[in-house]
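The values are calculated or read from the model by the stated rules, or taken from the named source; none is laboratory data. Just so it is clear, the structure is predicted and the values come from calculations on it, not from any experiment. Here Cβ is always computed from backbone atoms with ideal geometry, including for glycine, and neighbour counts include all displayed protein chains. Side chains are part of the model used for accessible areas, which takes the heavy atoms of the whole protein and leaves out ligands, DNA and RNA. Shrake-Rupley method; radii C 1.70, N 1.55, O 1.52, S 1.80 Å.
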Amino acid sequence: MKCPVCGGPCLENTADVVQQREGRFLPCSSCRTTILDKQSPPSFRRKAPCPACGKRPLDEVVADCWTIMAEEGDLAPTAPVMAAGIPLIHPGLALMAPPHLGDASMIFLSRSVTQKAADRIVAEIPEVKGVVHDGGEVPGIAEIDGTTPEYHTNTLLAGCDVRANIFETEEAPVIVFMQQSYAHIEYPRGFDPKLVATATEIIRYQPEVFVDAACGVGTLGITAGQHGIPRVIMNDAWGYAAYWAAVNLDVNRRTLGLDNVDIHITYGNIQENPVRKEPLKVADAFGDGKHYEVWWGDLHNLKEVLPKKVDLTVIDLFGKENRVKMADAVRRWKRETGGEVFIP
Ligand SMILES: [Zn+2]
Ligand SMILES: [Zn+2]
């Protein structure tokens with residue numbers, strides 16, 4: 001599958017990416033170690049990558065971003081390293097030590113980066129895959145209940161901001177891709193309580209029909225699918241979540257026992273108007289007696305298109321700190337759709 005953002009190979013060789021994850025960011029025996037003080041400007045001049053493995057320590061790559069931003073006037077010469085931005089490793093993994101980066105293995109998220117510096121960062125620093133301007137708001141839907149839904153996005157300035165996370169489960173690793181400008185920051189920690197909660201509930205209830213009602217890019221729905229459930233239905237009102245959930249079903253289809261994933265919409269459809277209230281089917285996937293679906297719409301309208309009996313639903317609403325809203329969503333789901341419901 002071609003990358004829907006850059007048309008390039010961002011989504012290729014995903015099986016190798018998963019398989020090689022453990023050694024991906026490890027230094028070789030010739031690698032140098034560089035740890036910079038993040039509270040000060042980098043006292044550092046650019047050095048060539050390790051001659052043996054071609055990687056560089058993460059801090060050196062961030063220092064290069066800082067230097068370009070300072071040269072372009074985005075940062076004061078006295079600004080600390082940490083003021084430059086946040087490096088997001090691609091693919092995101094639970095790391096035991098500071099990573100050593102090869103080419104196209106980091107998305108740089110920055111509040112102060114401008115277009116000119118972003119272009120230079122992507123052109124001059126091969127480890128950086130894309131530069132995103134952080135507008136200061138968490139990307140996604142802020143409010144869906146009004147007449148005009150409110151949402152926030154960040155802005156891709158240069159390169160491609162498609163990035164993956166790899167989560168470990170008891171069954172098999174789950175790899176999920178997203179476009180970072182349109183996704184909240186999530187990062188595998190090695191022990192991911194939401195994935196554990198999902199697996200636990202599935203083992204407990206053995207559902208025939210499982211719904212991931214606010215699926216994001218599909219992490220929990222795919223984790224559930226690893227347990228051989230015949231029907232999995234994933235849904236999100238945020239188009240940039242639903243579309244990537246469909247892509248991620250395809251990327252993980254081997255571990256899910258799916259033969260084919262048909263995606264019915266284009267990325268352009270999402271970009272026109274990223275929030276939907278009425279459900280629209282994004283994808284169907286079949287294989288080995290299974291039928292998985294991805295929908296794009298408000299979870300409370302999903303009942304119109306769900307099977308008559310839903311056994312188990314996970315509701316992982318974004319902004320879960322709003323307990324009143326969460327409790328209301330769960331109560332409404334139990335009343336209108338039924339079955340067991342859990343918040344991971
Ligand atoms: Zn791409
Ligand atoms: Zn090396």
Completion exercise
Largest-first ranking of Asp284, Asp328 by accessible area, probe 1.4 Å, whole protein assembly kept, is Asp328, Asp284
Problem - Per-residue ³J(HN,Hα) for the range 295-308, Karplus 6.51 cos²θ - 1.76 cosθ + 1.60, θ = phi - 60°, Hz, x for Gly and Pro - result: 10, 10, x, 5, 4, 6, 9, 5, 3, 4, 10, 7, x, 4
Fill in the blank from the handout: Karplus ³J(HN,Hα) for the range 193-208 (6.51 cos²θ - 1.76 cosθ + 1.60, θ = phi - 60°; Hz, whole; x = Gly/Pro) runs x, 5, 5, 5, 4, 5, 4, 4, 5, 5, 5, 5, 9, 6, x, 8
Fill in the blank from the handout: Under a Gaussian network model of the chain whose springs join Cα atoms within less than 10 Å, the largest fluctuation of Asp134, Asp16, Asp74 belongs to Asp16
Handout entry: Å² of accessible area per residue within the range 260-344, as computed with a 1.4 Å probe and no ligands counted
Key = 52
Exercise for the section: Give the dimensionless ratio obtained when the Cα radius of gyration of the chain is divided by 2.2 N^0.38 Å. Expected result: 1.03
Problem - the range 14-162 - accessible surface per residue (Å², probe 1.4 Å) - result: 48
Handout entry: Solvent-accessible ranking of Ser30, Ser105, Ser40, largest area first, probe 1.4 Å
Key = Ser30, Ser40, Ser105
Exercise for the section: Give the relative contact order (percent, whole number) for the chain; include only Cα pairs under 8 Å separated by 6+ residues. Expected result: 11
Completion exercise
Over all pairs of different Cα atoms in the range 70-139, the reciprocal of the mean inverse distance gives a Kirkwood radius in Å of 13.0
Handout entry: On Cα atoms only, tilt of 323-336 relative to the major axis of the chain in degrees
Key = 30
Practice task
Please give every one of the lysines within straight-line cross-link reach of Lys308, meaning a C-alpha to C-alpha distance under 24 Å, and leave out same-chain neighbours fewer than 8 residues apart.
Solution key: Lys277, Lys281, Lys290, Lys334
Practice task
Per residue of the range 12-29, in order, report the coupling 6.51 cos²θ - 1.76 cosθ + 1.60 (Karplus, θ = phi - 60°) as ³J(HN,Hα) in whole Hz, putting x for Gly and Pro.
Solution key: 8, 6, 5, 5, 5, 4, 5, 5, 8, 4, 5, x, 3, 10, 7, x, 8, 6
Exercise for the section: Give the long-range amide H neighbours of Val162: residues separated by 5 or more places, or on another chain, with amide H under 5 Å away, using H modelled in the peptide plane at 1.01 Å from N. Expected result: Gln180
Fill in the blank from the handout: For the chain, the longest principal axis of the Cα atoms and the Cα long axis of helix 115-124 enclose an angle in degrees, to the nearest 10, of 80
Practice task
Treating the angle as unsigned and between 0 and 90°, give the value, to the nearest 10°, between the Cα long axis of helix 58-71 and the longest Cα principal axis of the chain.
Solution key: 70
Practice task
For Lys129, go through the aspartates and glutamates and keep the ones whose alpha-carbon is under 17 Å away, minus same-chain ones fewer than eight residues off.
Solution key: Glu12, Asp59, Glu60, Asp64, Asp103, Asp119, Asp161
Handout entry: Descending principal axes extents, the range 44-193, alpha-carbon based, whole Å
Key = 51, 42, 23
Exercise for the section: Roll a 1.4 Å probe over the protein heavy atoms and report the accessible area of Phe108 in Å², nearest 10. Expected result: 0
Completion exercise
The correct ranking of His227, His264 by accessible area at 1.4 Å, largest first, is His264, His227
Problem - Ile89 - accessible surface, heavy atoms, 1.4 Å probe, Å² rounded to 10 - result: 10
Fill in the blank from the handout: Residue separation between Ile35 and Asp145 times 0.36 nm, minus their alpha-carbon distance, gives in nm 34.9 nm
Problem - DSSP-defined antiparallel bridges as percent of all bridges, the chain, nearest 5 - result: 60
Handout entry: FRET efficiency for Ala76 and Lys309, using Cβ-Cβ distance with R0 set to 41 Å, rounded to 0.05
Key = 0.10
Practice task
Would you compute, from DSSP H runs of 4+ residues alone, the mean residue ellipticity of the chain at 222 nm, taking -39500 (n - 2.57) per run and dividing by the full residue count, rounded to the nearest 500?
Solution key: -7500 deg cm²/dmol
Fill in the blank from the handout: Ignoring ligands and nucleic acids, Cys10 exposes an accessible area, probe 1.4 Å, in Å² to the nearest 10, of 30
Exercise for the section: Take the solvent-accessible surface of the protein heavy atoms, probe 1.4 Å, and return the percent of it on the range 192-342 that carbon and sulfur atoms account for. Expected result: 48
Fill in the blank from the handout: Taking N as the number of residues in the range 231-344, the ratio of its alpha carbon radius of gyration to 2.2 N^0.38 Å works out to 1.08
Handout entry: DSSP-defined beta bridges in the range 14-162 - what % are antiparallel, rounded to 5
Key = 70
